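K.L.:
The following block contains the structure, expressed as structure tokens.
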Amino acid sequence: MRTCASCPATRLAGSVSFTAQGSLLRAQGAKPLAASVTLEGDYEVTMQGRAAMHSRFPATLRARDGRVRLVLRIPLENYVVLALAGESADSSSDAALQAMAVAVRSFAVSIAAAGKRHAAEGFDLCDSTHCQLLRFDDLAPPRLRAAAEATTGELLWYRGEPATAYYSRNCAGTTEDAARLWPDIVAPYLRSHPDPYCLVHGREEWSVAIGKDELAGALRDAGVAGAGNRISSLRILGRTPSGRVARIEIDGASSRVMSGEQFRTALGRVPGIERLPSNAFEVSDAGERLIFHGNGAGHGAGLCQAGAEEMGAEGKSYREILAFYYPGTTVGLTAQGLAWVRLGGEGLDLLTTRPDADGALLPRAERLLHAAEAVAGWSLATRPELRVYPSVRVYRNATGEPGWVAASTRGRVVRMEPQEALRAAGALDSTLRHEFLHLLVEGRARAEVPLWFREGLVLYLSGEDVTPANADAAAGRVDFASLERALAAPVSAAAQRSAYRRAQRAVAGLVEARGRAEVLSWLERGLPANLTASQ
Ligand SMILES: [Zn+2]
Ligand SMILES: [Zn+2]
């Protein structure tokens with residue numbers, strides 16, 4: 001346990017209990033009050049009203065408004081297993097579990113990226129059904145772990161962004177349009193559609209009776225104003241196209257109209273009152289009590305877990321399950337589903353999702369490509385493609401490149417961040433020149449030509465930031481093996497810049513010692529033995 005980032009760690013023997021005093025924490029038996037406490041190692045936490053939680057994830061305890069908050073830092077793949085344990089433990093189909101693994105992972109990534117739900121409270125996701133229910137259980141069935149592993153890192157993508165993959169227990173034959181439940185959601189993959197799969201086992205009918213006084217009290221407890229002490233009647237005012245309650249009127253001392261989802265969630269927050277499993281229900285008045293008859297369970301948007309189970313039992317794969325419940329999305333490790341428009345130029349194709357904004361980039365790119373060909377003295381054998389991503393986030397999602405890499409080249413494809421981002425950094429032309437030189441160099445290089453030579457040659461040809469040549473490389477005093485490692489997996493922007501400079505200097509030194517024509521010819525002939533021996 002530490003009470004500040006630079007404080008020494010205290011080994012906890014036995015248990016310590018924490019209480020909150022305003023925004024300060026007090027550890028029982030200890031005098032000092034701290035704003036936060038971090039926990040490392042293996043520990044168990046017990047909190048009022050819930051089972052003991054065993055964890056090895058780094059944790060921070062904070063006090064807020066007289067309550068203690070525990071925030072865990074959980075790697076995504078571990079999170080997926082905890083969420084499967086909370087949301088899908090009773091699943092018996094491996095394909096359905098794998099589909100859920102992709103859904104819970106995408107949902108978490110999408111919610112965290114949006115930064116709306118809990119960002120103001122200092123964390124990404126809560127551990128209740130509000131976000132996704134987590135279950136910390138050392139004895140989680142190995143099947144859950146296997147489903148996460150079988151889909152490691154896979155997300156559902158829609159137009160280059162991770163999909164907000166809502167799911168629910170049982171849609172009873174028709175999934176719900178998410179925009180009906182949460183009007184601010186724009187997710188065309190969450191539209192209402194028939195689900196023949198869950199219907200195989202019936203509509204899962206239910207009925208719940210709630211006393212009128214009890215209901216009034218529950219709504220009051222849930223912070224719904226105007227319900228008064230007594231409810232005289234409930235009226236369903238409208239239904240969504242899928243048949244779920246859209247609006248409901250509560251008459252009592254005064255009258256109040258709520259959305260079906262607000263009504264159901266308000267009741268769900270009150271302990272001791274029976275929950276309504278879904279808002280696909282009818283209400284009847286039985287004097288002192290109201291009887292709710294309904295079917296299905298959950299909000300009904302996105303994947304239907306009962307239907308996914310049936311699809312799995314019928315031999316469908318997790319990809320087929322995801323395609324059925326989230327139409328229009330694509331499963332993959334990196335951003336998929338961008339609506340590319342191809343603009344053909346004389347010497348290259350420009351692919352963009354915003355042709356109006358990026359059209360003017362095409363002549364500029366052509367000019368820079370010709371200049372690169374002139375500098376190298378070669379021309380490209382294949383027609384290159386320049387892909388301009390619509391945002392830095394989508395670029396990173398799609399390419400897996402770290403934040404400090406503005407563009408990259410794979411085969412004949414140059415991929416770049418939006419031109420606005422590069423312009424702002426004053427790096428649009430230099431970035432394109434660099435990548436086009438890579439196309440030329442990669443197009444000629446034999447497979448075994450090392451990275452440091454390719455990168456150094458591109459930098460040398462680009463003529464930028466010319467560093468004084470030195471004879472290190474020619475004399476074999478450069479540690480090429482470590483330079484190669486630094487270029488293959490740079491750990492930071494600074495490390496990459498430094499490796500670039502070393503590679504550039506090495507090639508410049510070689511050109512000075514052996515002549516430009518000979519050094520360029522090594523791309524096709526391979527490097528002399530004295531330069532490759534140290535790798
Ligand atoms: Zn939440
Ligand atoms: Zn269903």
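The values are calculated or read from the model by the stated rules, or taken from the named source; none is laboratory data. No experiment lies behind these values; they were computed from the predicted model shown. Here the Cβ is made from the backbone with ideal geometry for all residues, glycine too, and neighbour counts use every protein chain on show. When the accessible area is computed, the model is the full protein with side chains, heavy atoms only, and any ligands, DNA or RNA have been set aside. Shrake-Rupley method; radii C 1.70, N 1.55, O 1.52, S 1.80 Å.
K.L.:
In region 165-173, is there at least one residue being more than 17 Å from Q305 (Cα to Cα) and either open to solvent by less than 20 Å² (accessible area, probe 1.4 Å) or in a strand (DSSP E or B) (or both)? Working first, answer last.
P.N.:
Of region 165-173, the ones more than 17 Å from Q305 (Cα to Cα) are none.
Checking region 165-173: not a single residue is more than 17 Å from Q305 (Cα to Cα) and either open to solvent by less than 20 Å² (accessible area, probe 1.4 Å) or in a strand (DSSP E or B) (or both).
K.L.:
Do you know which of the residues in region 174-205 that are in a strand (DSSP E or B) and surrounded by 20 or more Cβ atoms within 10 Å (Cβ to Cβ) is farthest from ligand 2 (Cβ to nearest atom)? Let's see the steps before the verdict.
P.N.:
Looking only at region 174-205, we keep the residues that are in a strand (DSSP E or B), and these are 174, 176, 194, 205.
After this cut, where a residue has to be surrounded by 20 or more Cβ atoms within 10 Å (Cβ to Cβ) as well, the list is 174, 176.
Numbers: T174: 8, E176: 10 Å.
That would be E176.
K.L.:
Give the number of residues within region 90-130 that are polar (S, T, N, Q) and within 16 Å of ligand 2 (Cβ to nearest atom). Walk me through it before giving the result.
P.N.:
Narrowing region 90-130 to residues polar (S, T, N, Q): 91-93, 98, 106, 110, 128-129.
From what is left, the residues that are within 16 Å of ligand 2 (Cβ to nearest atom) are 91, 93.
So the answer is 2.
K.L.:
Another question, if that's okay. Do you know which residues across region 349-375 are within 12 Å of Q419 (Cα to Cα), of a type in the set (D, E, K, R) and in a helix (DSSP H, G or I)?
P.N.:
Initial filter on region 349-375 (within 12 Å of Q419 (Cα to Cα)): 352, 354, 357-362, 364-365.
From what's left, of a type in the set (D, E, K, R): 354, 358, 364.
Scanning region 349-375 gives D358, R364.
K.L.:
Please count how many residues of region 298-327 are over 17 Å from A150 (Cβ atoms), more than 10 Å from ligand 2 (Cβ to nearest atom) and open to solvent by less than 20 Å² (accessible area, probe 1.4 Å).
P.N.:
Adding up the residues that qualify gives 3.
K.L.:
Please go through region 402-414 and pick out each residue that is open to solvent by less than 30 Å² (accessible area, probe 1.4 Å) and within 22 Å of G153 (Cα to Cα).
P.N.:
Matches in region 402-414: V405, S408.
K.L.:
Exactly one of these conditions fails for A113: (1) modelled with pLDDT of 95 or more; (2) within 16 Å of ligand 1 (Cβ to nearest atom). Give me its number.
P.N.:
For A113, the failing item is (1).
K.L.:
Still on this model: With the structure loaded, tell me whether D137 is at pLDDT 95 or above, open to solvent by 40 Å² or more (accessible area, probe 1.4 Å), under 22 Å from E149 (Cα atoms) and more than 16 Å from ligand 2 (Cβ to nearest atom) or whether it fails that test.
P.N.:
On the way: at pLDDT 95 or above: no; open to solvent by 40 Å² or more (accessible area, probe 1.4 Å): yes; under 22 Å from E149 (Cα atoms): yes; more than 16 Å from ligand 2 (Cβ to nearest atom): yes.
No: the conditions fail for D137.
K.L.:
If you go through region 259-275 one residue at a time, do you hit one that is in contact (Cβ under 8 Å) with a residue 60 or more places away in the chain, of a type in the set (A, V, I, L, M) and open to solvent by 30 Å² or more (accessible area, probe 1.4 Å)?
P.N.:
Looking for residues that are in contact (Cβ under 8 Å) with a residue 60 or more places away in the chain, of a type in the set (A, V, I, L, M) and open to solvent by 30 Å² or more (accessible area, probe 1.4 Å), one finds none in region 259-275, hence no.
K.L.:
Pairs please, first residue from region 198-217 and of a type in the set (F, W, Y), second anywhere and assigned to a strand (DSSP E or B), Cβ atoms under 8 Å, 6+ apart in sequence or on different chains.
P.N.:
Within 8 Å, the pairs are W206/H293; W206/G294; W206/N295; W206/A297.
K.L.:
Only one residue in T38, T60 is surrounded by 12 or more Cβ atoms within 10 Å (Cβ to Cβ), within 24 Å of the chain's Cα centre (by Cα) and either among the polar types (S, T, N, Q) or at positive phi (or both). Which one?
P.N.:
Values: T38 fails: within 24 Å of the chain's Cα centre (by Cα).
Just one listed residue meets the conditions, T60.
K.L.:
Hey, does region 336-344 have a residue that's on the phi > 0 side of the Ramachandran plot, surrounded by 15 or more Cβ atoms within 10 Å (Cβ to Cβ) and not acidic (D, E)?
P.N.:
Of all residues in region 336-344, those on the phi > 0 side of the Ramachandran plot come to 337.
Subsequent filtering for residues that are surrounded by 15 or more Cβ atoms within 10 Å (Cβ to Cβ) retains 337.
Imposing the further condition that a residue be not acidic (D, E) reduces the set to 337.
Yes: region 336-344 contains one or more residues that are on the phi > 0 side of the Ramachandran plot, surrounded by 15 or more Cβ atoms within 10 Å (Cβ to Cβ) and not acidic (D, E).
K.L.:
Mind checking which residues of region 263-293 are acidic (D, E) and either within 31 Å of the chain's Cα centre (by Cα) or closer than 14 Å to A216 by Cα (or both)? Break it down into steps so the answer makes sense when it comes.
P.N.:
Taking region 263-293 as the starting set, the residues that turn out to be acidic (D, E) are 274, 282, 285, 288.
Those that are acidic (D, E) and either within 31 Å of the chain's Cα centre (by Cα) or closer than 14 Å to A216 by Cα (or both): E274, E288.
K.L.:
I need a count of the residues in region 482-519 that are assigned to a helix (DSSP H, G or I), touching a residue at least 12 places away in the same chain (Cβ under 8 Å) and surrounded by fewer than 12 Cβ atoms within 10 Å (Cβ to Cβ).
P.N.:
Within region 482-519, the subset assigned to a helix (DSSP H, G or I) is 482-488, 493-514, 516-519.
If we keep only those that are touching a residue at least 12 places away in the same chain (Cβ under 8 Å) too, we end up with 483-484, 486-488, 493, 496, 498-514, 519.
Imposing the further condition that a residue be surrounded by fewer than 12 Cβ atoms within 10 Å (Cβ to Cβ) reduces the set to 488.
So the count comes out to 1.
K.L.:
Now a separate question. Please go through (1) touching a residue at least 60 places away in the same chain (Cβ under 8 Å); (2) farther than 28 Å from S521 by Cβ for G426 and return the number of the only condition it doesn't satisfy.
P.N.:
(1)
K.L.:
Still on this structure: Name the pairs whose Cβ atoms lie under 7 Å apart, with the first residue in region 325-348 and over 15 Å from L386 (Cα atoms) and hydrophobic (A, V, I, L, M, F, W, C), the second open to solvent by less than 30 Å² (accessible area, probe 1.4 Å) and assigned to a strand (DSSP E or B), and 6 or more positions between them or separate chains?
P.N.:
V331/L156; A335/W157
K.L.:
Could you go through region 475-483 and let me know if any residue there is at pLDDT below 85 and among the basic types (K, R).
P.N.:
For region 475-483, residues at pLDDT below 85 and among the basic types (K, R): present.
K.L.:
What number of residues within region 169-197 satisfy the criterion of being within 16 Å of ligand 1 (Cβ to nearest atom) and either touching a residue at least 40 places away in the same chain (Cβ under 8 Å) or under 18 Å from R239 (Cα atoms) (or both)?
P.N.:
2
K.L.:
Looking for something under 33 Å from the mean Cα position of the chain (by Cα), aromatic (F, W, Y), modelled with pLDDT of 85 or more and open to solvent by less than 50 Å² (accessible area, probe 1.4 Å) - is there at least one such residue anywhere in region 206-229?
P.N.:
No, the conditions are met nowhere in region 206-229.
K.L.:
I'd like the residue in region 262-315 that is more than 16 Å from ligand 1 (Cβ to nearest atom) and of a type in the set (S, T, N, Q) and, out of all such residues, is farthest from A246 (Cα to Cα).
P.N.:
Q305
K.L.:
Among the residues of region 141-153, are any within 16 Å of ligand 2 (Cβ to nearest atom) and open to solvent by 50 Å² or more (accessible area, probe 1.4 Å)?
P.N.:
Residues of region 141-153 that are within 16 Å of ligand 2 (Cβ to nearest atom), as a first pass: none.
No, region 141-153 has no match at all.
K.L.:
Tally up the residues in region 123-146 that are assigned to a loop (DSSP other than H, G, I, E, B) and away from ligand 1 (no atom under 13 Å from the Cβ), please.
P.N.:
Qualifying residue count for the region: 7.
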